[in-house]
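Q: Structure below; questions to follow.
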Amino acid sequence: MPEIRPYRPADREAVAEICLRTAAGGDDATGVYSDDSLMPEVFALPYVEYAPELAYVVADSDRVLGYVIAVADTAAFIEWWKREWTPGFAARHPSVGSPTGHEPSFTEADLIGAGLDPERMRIAELADYPAHLHIDLLPELQGMGFGRRLIDTLRHALAARGVDSVHLGMDAANTGARAFYDRLGFHELPSSTSSAPLLGITTS
Ligand SMILES: CC(C)(COP(=O)(O)OP(=O)(O)OC[C@H]1O[C@@H](n2cnc3c(N)ncnc32)[C@H](O)[C@@H]1OP(=O)(O)O)[C@@H](O)C(=O)NCCC(=O)NCCS
């Protein structure tokens, strides 16, 4: 039976793989962009590098099947990203690659832009919702209660660090994830829009 445990450095590649396999509005984004490392380099790996203590995975004896990752202080993370992540990212991804035959609404240029510009994470409600998270489970783990338990685990960890609230941004097309967040009690923040939903919840 899979179990929730703290992230370990050896989980890094598995986290990147799960990010990619759930990145197309909750579905597999493998091959959508010219470089499969792009999506995890924007939405997963900076988190486990910056705040491994706020990452939890669901794993069985063989492999990692899901994760929640977060930062407690998004403003500090933005500054770290500019200093420590942008230079390497820019060197690894100097330009948009060859067309893949896919035409995602979040284009490869958008994705590279997101990797270069952490200021996109500076939401208007940051003072009240300083933390933010990402959660992704492989299809075989979905619908078994692990998503709720991962969010609970993270909320407890944030509360223990004195962080009162956490937010997330999501793809408006991901209706399954939206149903999940609504069910757990997340609410829309004032600057949320229908095309770029922004949700928040207290940690205790
Ligand atoms: C979205 C996701 C994190 C939810 O995790 P999960 O383990 O599948 O959800 P759980 O089984 O813990 O469900 C928790 C509650 O949400 C509800 N829920 C979950 N997914 C739902 C859906 N698609 N539609 C309606 N309700 C849903 C469940 O019914 C459950 O309600 P209950 O606890 O009151 O019985 C997971 O499905 C996932 O990783 N999906 C792919 C990647 C993704 O979309 N990530 C989010 C990006 S913003």
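The values are calculated or read from the model by the stated rules, or taken from the named source; none is laboratory data. Values in this document were obtained by computation on a predicted structure and should not be read as measured data. FYI the Cβ positions are ideal-geometry reconstructions off the backbone, even for glycines, and counts take in every protein chain you see.
Q: Of all the residues that make up segment 150-174, how many are within 13 Å of the ligand (Cβ to nearest atom), more than 29 Å from Pro104 (Cα to Cα) and either hydroxyl-bearing (Ser, Thr, Tyr) or touching a strand residue (DSSP E or B) at 6+ places or on another chain (Cβ under 6 Å) (or both)?
A: Looking only at that region, the number is 2.
Q: Considering (1) of a type in the set (Gly, Ala, Ser); (2) within 18 Å of the chain's Cα centre (by Cα); (3) at pLDDT below 95, say which one Ala44 fails and leave the rest.
A: (3)
Residues are listed down the side, and each one gets a yes or a no for (1) free of Cβ contacts under 8 Å to residues at least 40 places away in the same chain; (2) touching a Gly at 6+ places or on another chain (Cβ under 7 Å); (3) within 16 Å of the ligand (Cβ to nearest atom):
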| site | (1), (2), (3) |
| --- | --- |
| Ala55 | no, no, yes |
| Gly66 | no, no, yes |
| Ala70 | no, no, yes |
| Asp73 | no, no, no |
| Glu84 | yes, no, no |
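Q: Here's a follow-up. Considering only residues that are of a type in the set (Gly, Ala, Ser) and away from the ligand (no atom under 16 Å from the Cβ), look in segment 114-136 and name the one that is nearest to Asn174 (Cα to Cα). Walk me through how you get there before you give the answer.
A: Pass one, segment 114-136, residues of a type in the set (Gly, Ala, Ser): 114-115, 124, 127, 131.
Now narrow it down to the ones that are away from the ligand (no atom under 16 Å from the Cβ): 115, 124, 127.
Details: Gly115: 21, Ala124: 23, Ala127: 27 Å.
The residue in question is Gly115.
Q: Also: So which residues in segment 137-149 are surrounded by fewer than 15 Cβ atoms within 10 Å (Cβ to Cβ), charged (D, E, K, R) and within 8 Å of the ligand (Cβ to nearest atom), if there are any at all?
A: Listed by number, the list holds a single entry, Arg148.
Q: Can you go through Leu199, Leu111, Leu184 and tell me which one is within 20 Å of Val15 (Cα to Cα) and within 16 Å of the ligand (Cβ to nearest atom)?
A: It is Leu111.
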